[in-house]
1. If each of Glu57 and Leu40 carries a label point 7 Å out from its Cα toward its Cβ, how far apart are those two points in nm?
2. Multiply the residue gap between Val115 and His9 by 0.36 nm, knock off their C-alpha separation, and tell me the result in nm, one decimal place.
3. For the chain, set up a Gaussian network in which alpha carbons nearer than 10 Å are linked by springs, and say which option among Thr31, Thr61, Thr137 fluctuates the most.
4. Counting DSSP beta bridges in segment 32-106, what percent are antiparallel, to the nearest 5?
5. Nearest 500 deg cm²/dmol is fine: what mean residue ellipticity at 222 nm does the chain get from its DSSP H runs of n ≥ 4 alone, each adding -39,500 (n - 2.57), divided by its residue count?
6. Using 0.36 nm per residue of separation minus the Cα-Cα distance, give me the extension gain between Cys138 and Ala103 in nm, one decimal.
7. Considering only protein heavy atoms, what per residue accessible area in square angstrom results for the chain with a 1.4 angstrom probe?
8. What's the longest bit of the chain with no exposed GluC sites (Glu not before Pro), using DSSP loop states and at most 12 other Cβ atoms within 10 Å as the test?
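The values are calculated or read from the model by the stated rules, or taken from the named source; none is laboratory data. Note that this is a predicted model, so its numbers are computed, not measured. FYI the Cβ positions are ideal-geometry reconstructions off the backbone, even for glycines, and counts take in every protein chain you see. The protein model used for the area step is the full one, side chains on, heavy atoms only, and it has no ligands, DNA or RNA in it. Shrake-Rupley method; radii C 1.70, N 1.55, O 1.52, S 1.80 Å.
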Amino acid sequence: MTSGDPGLHASAVAVGGRGLLITGAPGAGKTTLALEMVALGAALIADDLVLVERRAETGGTARLWVAAPPNAGGLVEIRGFGLVRLAATGGAPLALVADLDQAETERLPPVRQRVLSGIACRAILCKGKPGLAAALTCMLRAEDWPGADLFAGQ
């Protein structure tokens with residue numbers, strides 16, 4: 001995305017310096033998942049609107065970076081409570097996309113990818129998965145996980 005792009009209707013958190021983009025239809029649970037992960041120690045990046053930008057790294061490789069739009073960092077709408085501003089981090093390199101619209105059908109799924117701005121990123125199908133916040137938090141903290149080789153140098 002470029003600076004003129006409106007961003008994605010999504011949420012984003014960071015765990016151990018690795019960014020997670022949470023995607024799904026309205027009402028799919030993006031904010032709920034982000035809040036559950038924050039309660040487990042993740043850092044909030046953005047809710048409802050996430051900027052995804054392509055950044056050049058040293059050595060000429062490109063990476064995706066997730067961040068909040070200006071003046072929106074930490075702002076979360078908690079249904080039934082209203083708008084709340086939480087402490088937020090400025091952004092993080094994107095390591096994983098959690099898709100709340102599709103359910104995984106395989107116990108040991110293949111490495112799935114989502115391409116954003118021409119860059120492949122590891123994606124997980126998460127619809128209906130119990131314990132999702134804990135699983136994603138642990139996965140992002142892990143030293144080695146399926147598809148981690150896509151993010152060498154992170």
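1. Placing both labels 7 Å along Cα→Cβ, they lie 2.4 nm apart.
2. 36.6 nm
3. It is Thr61.
4. Here the share of antiparallel DSSP bridges comes out near 90 percent.
5. -4000 deg cm²/dmol
6. Working it through step by step, the gained length comes to 10.6 nm.
7. Here the per-residue accessible area is 53 Å².
8. Answer from the scan: 1-56.
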